[in-house]
1. Among residues belonging to segment B:352-390 that are in contact with a Gly (Cβ under 7 Å, 6 or more places away or on another chain) and within 9 Å of chain A (Cβ to nearest Cβ), point out the one that is surrounded by the most Cβ atoms within 10 Å (Cβ to Cβ).
2. Would you pick out the residues in segment A:9-42 that are assigned to a loop (DSSP other than H, G, I, E, B), of a type in the set (Gly, Ala, Ser) and away from chain B (no Cβ under 11 Å)?
3. Being farther than 19 Å from B:Ala49 by Cα and either surrounded by 21 or more Cβ atoms within 10 Å (Cβ to Cβ) or under 18 Å from the mean Cα position of the chain (by Cα) (or both) narrows it down to one of B:Leu147, B:Leu124, B:Leu100, B:Leu139, so name that one.
4. Answer yes or no: is there a residue in segment A:141-153 that is within 14 Å of chain B (Cβ to nearest Cβ), without any contact (Cβ under 8 Å) to a residue 12 or more places away in the chain and farther than 19 Å from B:Asp362 by Cβ.
5. Could you tell me whether A:Gly186 is at positive phi and either buried (at least 21 other Cβ atoms within 10 Å of the Cβ) or more than 12 Å from every other protein chain (Cβ to nearest Cβ) (or both)?
6. Quick check on segment B:178-189. Is at least one of its residues over 23 Å from the mean Cα position of the chain (by Cα) and surrounded by 19 or more Cβ atoms within 10 Å (Cβ to Cβ)?
7. Being at positive phi and under 21 Å from the mean Cα position of the chain (by Cα) is the filter here; which residues of segment B:341-395 pass it?
8. Give the residue, chosen from B:Ala178, B:Ala128, that is more than 14 Å from chain A (Cβ to nearest Cβ), hydrophobic (A, V, I, L, M, F, W, C) and under 24 Å from B:Leu275 (Cβ atoms).
Amino acid sequence: MKIVVGHLFPDYLNIYADRGNMAVLERRAAWRGHELEVLPLGAGTEIPPGVHDLFYVGGGQDREQELIAPALADMGDALREAVAGGAAALAVCGGYQLLGSFYRDQSGAELPGAGLLPLHTVAGERRMIGDVLLECELVPGQPRSVAGFENHAGRTYLDEGAEPLGRVLAGFGNDGESGHEGCRAGRVIGTYLHGPLLPRNPWLADWLLAQALAHRTGEPPQLEPLEDELEAEAHAVSADRARIRGGRY
Amino acid sequence: MRLPLPLSAEIVFARAAASLSRVVGAGGGTTVPGKLLWKLDPGAVDRLAARLPRGSALISATNGKTTTAAMAARILAPSVRLAHNRSGANLVSGVASTLLAARDAELGLFEVDEAALPEVARRLRPRAVLLGNLFRDQLDRYGELELLAARWREMVRELASDASLVVNGDDPQLGDLARKRPRSTVFGLDDPRHASDELQHAADSKWCIRCGTPYVYAAAYIGHLGDYRCPACGHTRPTLDVLAREIELKGLESASFQLVTPEGTRSIELGVPGLYNVYNALAAASLARALDASLDAIQAGLQGFSAAFGRFERIAIGERSLLVLLIKNPAGANEVVRTLLAGTQPRLLLVALNDEIADGRDVSWIWDVDFEPLLGGLERLVASGERAAELALRFKYAGLPTDAIEVIPSLEEALDRGLELTPAHGELVALPTYTAMLGLRDLVARRGFVKPYWEAAA
């Protein structure tokens, strides 16, 4: 089966090794006999309904984010329509912020968001930097852990009733206070965690692939398990790092 | 005539601490005395530097600081006594330690950490500053590239009006700094044969610093370094004062080029490989020129240079050898890969990834390195260091079969395994991050194959 991924602004938003996430999606799809086709989406690119099974948006530095924020916000309607039609999305760090309703910088100026996730972000004084460990339950009754690294000055606040991606076991998370990290709205996931995120959390890569395949076929498939020994080892080291030296105030 | 300031008690005390640190085996003691002095009297650094009769020169860059400083030292040392932090202790404390140790130095030659540069410049009031390049590096420590660039711009504004500024014009952020200063030198490459086909993934300053439009490159050499022009507003690489032409790269062994300066042209034969070392040599030549070195001295110094500490070192271990190539960020590691492949397609590699502060605690950068070209002939990878498993994943997802990967976090065990897999008279290529490089060097030193770094550097 072919899975079509729309990679939003890959030239601008790629600061924390976002291509590692793409490599993991690509290989893990291929090992199950699926082909990942990655289409870069830039300013003014059309997003016809139903074409993309999964969207990916990575992180950028402030300057890159400022350069593309208006163009990304302009794609908001098309993206919301695609997601309403069952497409999945993963947004990391800066991309996570830009999928909310707005980002307000320290001077009070606002960057528009794409409005795909129920949240907004306000720049803070101190950067929140360090290893993070989360507990998530994307599938009820199946708690999983996510390990990664965060580096952000923005404090992200979820709207009333919005669902976080996970509970922070170690590290700062969305705002350093709520104990929440990331946001999940149906098949859309946003998070500050890079590292990159997917190599050391392969179950999340598989969840995204399953959602993307579901968009294509109508049913979330059972993906056959893979040999994930190295992934488990990298996860364990990363989780240990978070427990020992994850950020806290 | 006024005599120099007397050595104060705190300076004597701090020097004693350096010896003590070595005696108790706590390492080279390269920053211990400086840290102590810093605590006792932060202003002492300024006073120590002010005693240097020929002032100080500072060198900063994401990549190439240590090598460029070592090349400049080689050029300058025959004619002037240097205070030079050659083992790479490049924070304020390292500069202080070097100043403490170099009692009769005439000129300070310091490589300085990118983030520490503004403070060091404020304290030392240098007569020359060299800015080599800015790439994404240790974002967990330095913050965003723009932030660092802004601090450097501020630092340049505060330099004494008669201070020389030397910048790499191929880096859009840095080339621009020279425009407003009369006493500045711009260097860069002028040999499009060595341009890469497309901008590398690790290119950073790709957008016009004035208007945000993507630059068009007549030649992109390393990352975003090259001959750029903004098609919208016309912002372009400044005119080069010192440049390299007719560059010849000879595999893993050497490189040569024509050094073109306003005073004349010289052929330079470098004993170190790779385009990045041509940049380093060009930077060192430009700085030495700003410090009044002659073209003859520049040529002799560059040609006599072998390698800086841990950057490109061949260490004989019995009947095998170990080649150590430091990797620390995407742009630097890409050049190491490119240079390595120009010489050999290794079948065996030892790669060691640590995540201490000096390595960067965030290891995501390894995913931005183009390791893929190494996979062609690679039969076995020994992945080592504290984040060995993460490194193994990097190669697994690049396409290396997992049965070709051995994960051995212990550096010592990994080194032994690597040597065991290396045929007699063969060479083991090791790509370590900074603290892993120190660890590897320490291991071979303890086995008697190389001097500890504080002796080698002395």
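1. Going residue by residue through segment B:352-390, those that are in contact with a Gly (Cβ under 7 Å, 6 or more places away or on another chain) are B:352-354, B:364, B:367, B:375, B:382.
The next check asks that each one be within 9 Å of chain A (Cβ to nearest Cβ); those that pass are B:364, B:367.
Working: B:Ser364: 25, B:Trp367: 27.
This residue is B:Trp367.
2. Of all residues in segment A:9-42, those assigned to a loop (DSSP other than H, G, I, E, B) come to A:9-17, A:31-34, A:42.
In the following step, the residues that additionally are of a type in the set (Gly, Ala, Ser) were identified as A:17, A:33, A:42.
Within segment A:9-42, just A:Gly33 meets the criteria.
3. Values: B:Leu147 fails: either surrounded by 21 or more Cβ atoms within 10 Å (Cβ to Cβ) or under 18 Å from the mean Cα position of the chain (by Cα) (or both); B:Leu124 fails: farther than 19 Å from B:Ala49 by Cα; B:Leu100 fails: farther than 19 Å from B:Ala49 by Cα.
On inspection, the qualifying residue turns out to be B:Leu139.
4. Our first condition is that a residue be within 14 Å of chain B (Cβ to nearest Cβ); within segment A:141-153, this holds for A:147-153.
Filter once more, so that each one left must be without any contact (Cβ under 8 Å) to a residue 12 or more places away in the chain: none.
So far as segment A:141-153 goes, no, none of its residues is within 14 Å of chain B (Cβ to nearest Cβ), without any contact (Cβ under 8 Å) to a residue 12 or more places away in the chain and farther than 19 Å from B:Asp362 by Cβ.
5. Values: at positive phi: yes; either buried (at least 21 other Cβ atoms within 10 Å of the Cβ) or more than 12 Å from every other protein chain (Cβ to nearest Cβ) (or both): yes.
For A:Gly186, the condition - at positive phi and either buried (at least 21 other Cβ atoms within 10 Å of the Cβ) or more than 12 Å from every other protein chain (Cβ to nearest Cβ) (or both) - is met.
6. From segment B:178-189, those over 23 Å from the mean Cα position of the chain (by Cα) are B:179-183; that's our starting set.
Within this subset, residues satisfying the condition of being surrounded by 19 or more Cβ atoms within 10 Å (Cβ to Cβ) are none.
Taking every residue of segment B:178-189 in turn, none turns out to be over 23 Å from the mean Cα position of the chain (by Cα) and surrounded by 19 or more Cβ atoms within 10 Å (Cβ to Cβ).
7. Going through segment B:341-395, the residues at positive phi turn out to be B:360, B:385.
The answer is B:Gly360, and nothing else.
8. Values: B:Ala128 fails: under 24 Å from B:Leu275 (Cβ atoms).
Just a single option satisfies the conditions, and that option is B:Ala178.
The values are calculated or read from the model by the stated rules, or taken from the named source; none is laboratory data. Everything quoted here is computed from the prediction, not taken from an experiment. Positions of Cβ are backbone-derived with ideal geometry, glycine not excepted, and every protein chain shown enters the neighbour counts.
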